[in-house]
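Data first, discussion second: the structure below is written as structure tokens.
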Amino acid sequence: MCEACDQSDEDQAPAGTGRRRFLAAGLGMTAAAPLLFGSGSAIAQAQSPPAGGAVAAGPYPTRAWGVTQTAGKFAPMTIQRRALGADDVLLDILYAGICHSDVHTARGDWGVPGLPCVPGHEIVGRVAAVGRNVTKFRVGDYGGVGCMVDACGTCENCLADREQICVNGTTFTYDAPDKVSGGHTLGGYSERIVVTEKFVIRIPPGMDLRATAPILCAGITTFSPIRHWNVVPGQRVAVVGLGGLGHMAVKLAVAQRAEVTVLTTTPGKIAAARAMGASAAYFWQDAQARPELRNRFDLIISTVPYAFEAEPFMRMLKLDSTFVNVGLGEARGINAVAMAFGRKSLAGSMIGGIAETQQVIDHCFARNIYPDVEVIRPDQIDGAYQRVVGKDVRFRFVIDFT
């Protein structure tokens with residue numbers, strides 16, 4: 001991501017929208033009280049199904065892993081999940097992916113997050129209970145939760161299946177105002193979550209659950225522009241960066257039988273790009289000097305999470321082609337005259353709506369497309385964050401809560 005070209009290029013769904021107050025009241029403790037998860041019988045009993053196999057209606061004290069200060073260490077804590085509503089699904093979380101936006105949020109790169117901060121918006125779990133109005137799930141099914149858990153449902157964007165850009169405010173899975181429970185939302189680095197049925201994705205039986213989790217963010221973030229800009233066989237697509245987002249973009253574009261080129265700042269990833277089906281891969285410093293890359297690509301997908309110079313990429317676009325920024329890093333140095341002469345477009349794209357997220361899950365299952373993942377324990381989150389920043393992950397960490 002040039003310089004960040006490969007810094008675990010992560011789709012950056014926006015983080016929270018302002019300061020959040022601590023959920024002290026819901027947790028039954030003061031803001032200054034310790035958050036370490038206790039092993040006392042009251043909590044253990046609350047988390048276990050009552051006799052007969054039924055699950056209590058909640059609320060649910062839940063073990064989670066989060067930070068209590070910006071850029072702090074991750075530690076186990078107790079959070080409160082709301083009682084099960086008529087339209088709600090209770091998931092026992094099995095796996096949660098680590099996105100670069102989790103790192104940005106927990107470390108305060110986008111402003112001070114609500115505390116405690118429990119990240120995680122790539123969630124796969126087993127349905128433990130459903131509300132009386134739920135029709136999409138039964139107990140025992142597998143469900144997924146991506147980057148959002150609520151939206152108004154009535155604005156023009158929501159009605160067009162674009163809940164991620166709800167006019168009245170999307171509720172993101174963590175560090176966003178929680179319109180239902182108050183305070184701010186707490187994410188998937190936890191053992192349970194309660195989400196409205198509409199925002200839970202069906203996971204087909206037989207999917208690799210560990211590798212499915214990142215599809216709910218990295219997958220949809222790269223699938224959406226490939227679909228929107230109608231990538232077809234034979235087109236030339238460049239992917240900038242080969243991290244969590246970038247490697248999914250390569251796999252999805254290759255599955256469309258596009259001719260895929262990878263541009264990376266990590267020479268060691270060139271072989272990996274080719275192994276994923278890319279027809280070419282270039283170290284970025286070398287690529288800029290290659291005349292054959294000028295006016296070449298029908299679509300360039302940038303997964304850069306940091307500010308970068310966009311003009312060198314724009315020169316690589318063909319007439320009437322698009323550079324789409326999904327990493328949400330700031331694109332600097334645009335030459336408007338050059339864009340006009342080539343009728344080139346600079347565009348942005350952010351995750352996808354619920355319907356499209358279901359499509360990418362079904363699409364990947366049908367074609368056996370999965371991210372490359374490294375599975376870790378919850379007590380390894382801090383080390384995983386260091387490795388994400390250091391570009392030492394191939395290509396997505398997934399936390400195992402089983």
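The values are calculated or read from the model by the stated rules, or taken from the named source; none is laboratory data. What you see is a predicted model; the values in this text were computed from it and never measured. Here the Cβ positions follow ideal geometry from the backbone for every residue, glycine too, while neighbour counts run over all protein chains shown.
Things to note:
- Boolean, P214 is in contact with a helix residue (DSSP H, G or I) (Cβ under 6 Å, 6 or more places away or on another chain), closer than 20 Å to E356 by Cα and either assigned to a helix (DSSP H, G or I) or not hydroxyl-bearing (S, T, Y) (or both): no
- For the criterion of being at pLDDT 95 or above and within 20 Å of the chain's Cα centre (by Cα), V393 fails.
- Any hit, segment 339-353, residues being part of a strand (DSSP E or B), under 30 Å from R63 (Cβ atoms) and touching a strand residue (DSSP E or B) at 6+ places or on another chain (Cβ under 8 Å): no
- Test: residue in segment 263-275 that is surrounded by 20 or more Cβ atoms within 10 Å (Cβ to Cβ) and without any contact (Cβ under 8 Å) to a residue 60 or more places away in the chain: yes
- Among the residues of segment 373-393, those that are touching a strand residue (DSSP E or B) at 6+ places or on another chain (Cβ under 7 Å) and outside any strand (DSSP E or B) comprise R377, P378, I381, A384, V388, V393.
- Flag for I361 being buried (at least 17 other Cβ atoms within 10 Å of the Cβ), under 20 Å from Q164 (Cβ atoms) and not assigned by TED's automatic domain parsing to the domain that holds A271: yes
- Residues that are farther than 17 Å from A64 by Cβ, among the hydrophobic types (A, V, I, L, M, F, W, C), crowded, with 17+ Cβ neighbours inside 10 Å and touching a Leu at 6+ places or on another chain (Cβ under 6 Å) are absent from segment 102-121.
- Extreme residue, surrounded by the most Cβ atoms within 10 Å (Cβ to Cβ), among residues of segment 311-323 that are in contact (Cβ under 8 Å) with a residue 24 or more places away in the chain and out of contact with any Phe, Trp or Tyr (no Cβ under 7 Å at 6 or more places or on another chain): P312
- Test: residue in segment 322-341 that is of a type in the set (D, E, K, R) and either modelled with pLDDT under 95 or not assigned by TED's automatic domain parsing to the domain that holds L245 (or both): yes
- A residue that is assigned to a strand (DSSP E or B), buried (at least 24 other Cβ atoms within 10 Å of the Cβ) and modelled with pLDDT of 95 or more cannot be found anywhere in segment 43-60.
- In segment 280-307, the residues that are crowded, with 20+ Cβ neighbours inside 10 Å form Cβ pairs under 8 Å with partners that are acidic (D, E), at six or more places apart or across chains, as follows: T303/D9; T303/E10; T303/D11; V304/D9; P305/D9; P305/E10.
- Tallying residues that are in contact (Cβ under 8 Å) with a residue 60 or more places away in the chain and touching a Gly at 6+ places or on another chain (Cβ under 9 Å) within segment 161-184 yields 15.
- Given (1) more than 14 Å from the chain's Cα centre (by Cα); (2) surrounded by 24 or more Cβ atoms within 10 Å (Cβ to Cβ); (3) within 16 Å of D379 (Cα to Cα), index of the condition A96 fails: (1)
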